[in-house]
1. With the checklist (1) more than 21 Å from GLU437 (Cβ to Cβ); (2) part of a helix (DSSP H, G or I); (3) of a type in the set (S, T, N, Q) in hand, flag the one item SER353 doesn't pass.
2. For segment 138-157, give me each residue that is surrounded by fewer than 23 Cβ atoms within 10 Å (Cβ to Cβ) and either closer than 17 Å to ALA273 by Cβ or in contact with a Phe, Trp or Tyr (Cβ under 8 Å, 6 or more places away or on another chain) (or both).
3. Being touching a Ser or Thr at 6+ places or on another chain (Cβ under 9 Å), outside any helix (DSSP H, G or I) and buried (at least 23 other Cβ atoms within 10 Å of the Cβ), is that true of even one residue in segment 435-452?
4. Determine the pairs where a residue that is surrounded by 21 or more Cβ atoms within 10 Å (Cβ to Cβ), located within segment 273-298, has a partner that is in a loop (DSSP other than H, G, I, E, B) with Cβ atoms under 7 Å apart, the partner being 6 or more residues away or on another chain.
5. Might you let me know whether segment 405-425 holds any residue that is buried (at least 20 other Cβ atoms within 10 Å of the Cβ), touching a Pro at 6+ places or on another chain (Cβ under 9 Å) and in a strand (DSSP E or B)?
Amino acid sequence: MPAPGRSMQAKGNNIAGNDHASTLPCGWQCPGRPRDFVLFLPPSAGVSRRPLNQFHMAQFKPFRGIRPLPEHAARVACRPYDVLNAAEARAEAGDNPHSFYHVIKPEIDFPDDQDAYAPAIYRKGKENFDQMKEQGIFRQDPQQCFYIYAQIMDGRTQYGIVGCASVDDYFNNVILKHELTRPDKEEDRKNHVRTSNLNYEPVFFAYPHREGIDRLVAEAVKADPEYDFEADDGIRHMFWVVSGQAATDRIAAEFKSIPHTYVADGHHRTAAAALVGKERREANENHTGQEEYNYFLAVLFPDNQLSIMDYNRVIRDLNGMSPAEFLERLGSRFAVEEMGAKAWRPSHLHEFSMYLDGKWYKLTANDGTFDDHDPIGVLDVTILSEQVLAPLLDIVDLRKDKRIDFVGGLRGLDELKKRVDSGEMKVAFALYPVSMEQLIAIADSGKIMPPKTTWFEPKLRSGLVLHALD
């Protein structure tokens, strides 16, 4: 696919994919899975993959996007709501009244002690968006469109197609999930949708790559992009409009051959959008199935263009052990090798990097500490939890225990060292990233990944396009 663009030159355009080869907490929900499938997955995944969905194929449709005029796109666009807190969002928004943080995190317009889940918060988000629309910052496209959204990071480009996924596909398990959702977080996102009658932010899906879709995208990006800007973090964002019934029909038809799509990032937004759609249909006596509330905003990326980064752990104490005692106990479960003061990163599965007492160590899991025939048991996050965190450090609930924190791989090994050297944390672990193959294997098998397993970069920018439910 040719490197697109006009105002900036891409560093590269590598389409290659990533080659990285429990008891559920109370109150969390696990999406149901149909049980009438036999499972068949690649041997490397450790389970059998269910055959192609014989009853439903993915529905993906164009829509009349509501989006900023090109001259406003860069100032409107912001990071997703869930990657930063209110104070950080307030600082990033600064004195920019058109930052989309005022819509997706409207608590930044209230005092610090304001309840972030009060009805006034959701009303303020809607008020802020309505004001921007009245000011001419946003407009709605006059016809149904798909959109191509490209992101360039470190010379690697990923091309997503923006459209509307089906509420039915969510409940029929055409859309597969790999994480649990919490009802309180779902309710927060549902309240935004209910109040605004909009999907403010897209969800991030993956699909099994298809050459036919690649060709359609390559053709679309020959045109000049509607938006082309580099964000403060150095990631370039490009956006094309695909209009005209013949063009949109071709894209929609290609997705009808895809049996499953996969939630990569945004499980709570996905659940919220689908549940509000279900509410709307139940409240509409004249429901036909064609209403816009039957669909929600999504960006679909081919699986071979996506990369998952490491999601690392830092621990506050050694559970009463000295560093020497801790190393000794690790030696019964791992081959432990001191690597010195220079940061060292794992190079393959079942290999861990540990920073302790000013030194880096290589830990290689011993045979018998993992299960290669279980798609969850084979994960390095599972090995670390079952062999170190729970038995040695007494950390069982990763979501609630205050002695553990998580560091996304984009922040690098230096962040792990910094937090240990500062005295805030006692030990840090860097993990080899989960692969897209593993994620898909787990979703296909109906299983759920442990908490804080996947970190996708680059993140989608919010505010580039919205979907109206009417």
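1. Condition (2) is where SER353 drops out.
2. Matches in segment 138-157: PHE138, GLN144, CYS145.
3. no
4. Partner pairs satisfying both residue conditions: TYR293/LEU469; LEU297/PRO202; ALA298/PRO202.
5. no
To keep it simple, each residue is scored yes or no on (1) more than 24 Å from the chain's Cα centre (by Cα); (2) within 18 Å of HIS348 (Cα to Cα).
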{"site": "ASN366", "(1), (2)": "yes, yes"}
{"site": "ASP371", "(1), (2)": "yes, yes"}
{"site": "ILE376", "(1), (2)": "no, yes"}
{"site": "THR382", "(1), (2)": "no, yes"}
{"site": "LEU392", "(1), (2)": "yes, no"}
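Rundown of residues vs (1) in the same structural domain as GLY412 (by TED's automatic domain parsing); (2) in contact with a Ser or Thr (Cβ under 7 Å, 6 or more places away or on another chain); (3) at pLDDT 95 or above; (4) aliphatic (A, V, I, L, M), yes/no style:
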{"site": "PRO202", "(1), (2), (3), (4)": "no, no, yes, no"}
{"site": "VAL217", "(1), (2), (3), (4)": "no, no, yes, yes"}
{"site": "ASP233", "(1), (2), (3), (4)": "no, no, no, no"}
{"site": "HIS237", "(1), (2), (3), (4)": "no, no, yes, no"}
{"site": "VAL242", "(1), (2), (3), (4)": "no, yes, yes, yes"}
{"site": "ILE251", "(1), (2), (3), (4)": "no, no, yes, yes"}
{"site": "VAL276", "(1), (2), (3), (4)": "no, no, yes, yes"}
{"site": "ASN284", "(1), (2), (3), (4)": "no, no, yes, no"}
{"site": "LEU297", "(1), (2), (3), (4)": "no, no, yes, yes"}
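The values are calculated or read from the model by the stated rules, or taken from the named source; none is laboratory data. Just so it is clear, the structure is predicted and the values come from calculations on it, not from any experiment. As a convention, Cβ positions derive from the backbone with ideal geometry for all residues, glycine included, and neighbour counts pool all protein chains shown.
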